[in-house]
Every structure is written in C-alpha cells, then in structure tokens.
Amino acid sequence: MTEPAIFQRALAGEPLDFTGEDFQIINQTVQRTQELLKKFNHIDQTNEQRRATLSQVVGYSVPESAEINAPVHSDFGPHIFIGDNVYVNQGVMFVDLGGIYLGDGALIGPGAMLLTVNHVEDPAHRRDVQASAIHIEKNAWVGAGAMILPGVTVGENAIVGAGSVVTKDVPANMVVVGTPAKVLRRVKGSTEA
C-alpha cells in the first residue's frame, strides 16, 4: 500500500502546512498510534503480543531479533524503521514523522528522545512543521536520556554519551558527549577507516 502523499512529503523533508486539509491524515494516524501504544505499554502484554502491536504501529513485521521495551512513546508511528538486533530500552520517545532509521544492532538507552520534526521559524507559520530524518547506523549506541535532533546521522559503531544533545552528525567510531555534543575520542577497539 502506498503511503499518503503528505507522509511522503514528510519523509522527503518538505514543509507541511498544519492547517492543510491533508494534515488531518497525520492527526488520524497519531490517534491510531496512541491507542496501539496504550496496548503495547500495558503491563500484561507478552513479548509476542507487544511485537504484533508494534508491527501494527509501524506497518511491517518488526524483526524477531529486535527488543523494544515498554513503555515506548511515539507521536506518529509509521516512520520508525527497525533493523535486526536493535535494542530499545524503556521510556524512549520517537518523534518520527520525518523518519527514524535504526540500523542493525543499534542500541537506544532509557529515556532517549529522537526528534525528527521542527517548527517553521516564521511566526506567521509557526505551527507548520519541517521534518528531517534521523539515522542511527549499524551498532551505534545512543546513551540514556540523550536527545537526537532532526536530520542527524549517528555513524556506525558511534556512541552518544548519556544526556547529550546531538545537533550535528556523529562520525562513525566516535564517542560524543555534552550539550551540544562534541567528539570526545574514538571508540575503544575501533580501527581507522
């Protein structure tokens, strides 16, 4: 099934008019996702039930090797793309309209926030949104409470320190820390590219 045009525009990083008629499709998706996540986050759900519910949220079968812990939060849902052996700890927030891509083996620490949406600067259009994808590449690790802002790529094997605010791309095999995050050093055991 082809996604609605407004979803495609969001993934392409085009500005979205909050008052536009087609924005209602986003609002309907948000409501559906919230209902499904209430079910996902319910304490009595088995792992199999959670995987089935999350698969409904994202619109494809979540890999069996992925472990997504409750509670998980999303303001949209269908634009979370989960690779094999991904681990997402408790309390993670996905603002995914612009697309969040979790590469194979990616680790997301508790309370992390991945935010793909920003508002337009012009006060006359402030409620309009501009989305930009986040890529957490293979074996990258986002620490507890870290915040990844729109358009950021966290490179392969990179580590984002706990509590960091990442405003720019993180090179592969590097550790970044702080607000805003800055390169601290190479990942131990990594080799030069």
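The values are calculated or read from the model by the stated rules, or taken from the named source; none is laboratory data. Quantities reported herein were computed from a predicted structural model and do not represent experimental measurements. Virtual Cβ from ideal backbone geometry, glycine too; neighbours counted across all protein chains shown. Surface accessibility is based on the protein's heavy atoms, side chains included, excluding ligands, DNA and RNA. Shrake-Rupley method; radii C 1.70, N 1.55, O 1.52, S 1.80 Å.
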>> Against the 2.2 N^0.38 Å scaling, with N counting residues, where does the stretch 1-77 land? I'd like the Cα-based Rg ratio to two decimal places.
In response: 1.23
>> Among G151, L184, M174, which residue has its Cα furthest toward the positive end of the charge dipole of the stretch 145-193, with +1 on Lys/Arg Cβ and -1 on Asp/Glu Cβ?
In response: L184
>> Tell me the per residue accessible area of the stretch 1-137 using a 1.4 Å probe; a whole number in Å² is fine.
In response: 51
> With springs only between Cα atoms under 10 Å, which of I82, I68, I43 fluctuates most in a Gaussian network model of the chain?
Replying inline: I43
> Taking only the alpha-carbon atoms of the stretch 40-101, what semi-axes of the equivalent ellipsoid follow from 5 times the gyration tensor eigenvalues under a square root, in whole Å, largest first?
Replying inline: 16, 13, 11
>> Please report the carbon-and-sulfur percent of the accessible area for the stretch 72-193; probe 1.4 Å, protein heavy atoms only, DNA, RNA and ligands left out.
In response: 55
>> How much of the DSSP bridge set in the chain is antiparallel, in percent, rounded to the nearest 5?
In response: 25
>> Could you give each residue of the stretch 12-22 its phi-based ³J(HN,Hα) in whole Hz, using Karplus coefficients 6.51, -1.76, 1.60 with θ = phi - 60°, and x for Gly or Pro?
In response: 7, x, 7, x, 10, 7, 4, 8, x, 4, 6
>> What's the magnitude of the charge dipole for the stretch 32-114 around its Cα centre, counting Lys and Arg as +1 and Asp and Glu as -1 at the beta-carbon? Answer in Debye, nearest 20.
In response: 220
> How far, in nm, would the chain grow between E48 and H119 when pulled straight, counting 0.36 nm per residue and subtracting the alpha carbon separation?
Replying inline: 21.9 nm
> Convex hull volume of the Cα atoms in the stretch 56-167, per residue, in Å³?
Replying inline: 85
> Per q in 0.15, 0.16, 0.31 1/Å, what log10 I(q)/I(0) does a Debye calculation on the alpha-carbon atoms of the stretch 134-184 return?
Replying inline: -0.27, -0.31, -1.29
> Can you give the charge dipole size of the stretch 52-193 about its Cα centre, rounded to the nearest 20 debye, using +1 on the beta carbon of Lys and Arg and -1 on the beta carbon of Asp and Glu?
Replying inline: 480
>> For a Förster distance of 45 Å, can you work out the FRET efficiency between the beta-carbons of R186 and F23, rounded to the nearest 0.05?
In response: 0.55
> Near K138, which aspartates and glutamates are there with a Cα under 16 Å away, not counting those fewer than 8 places off in the same chain?
Replying inline: E67, D84, D104, E156, D169
> What stretch of the chain, leaving out the sites themselves, is the longest with no GluC sites (Glu not before Pro) in a DSSP loop having at most 15 other Cβ atoms within 10 Å?
Replying inline: 122-191
> Can you give the helix-only mean residue ellipticity at 222 nm for the chain, where every DSSP H stretch with n ≥ 4 adds -39500 (n - 2.57) and the sum goes over all residues, rounded to the nearest 500 deg cm²/dmol?
Replying inline: -6000 deg cm²/dmol
> Taking a temperature of 20 °C and a viscosity of 1.002 mPa s, what whole-number D in µm²/s does Stokes-Einstein yield for the chain with Rh from Kirkwood over alpha carbon pairs?
Replying inline: 126
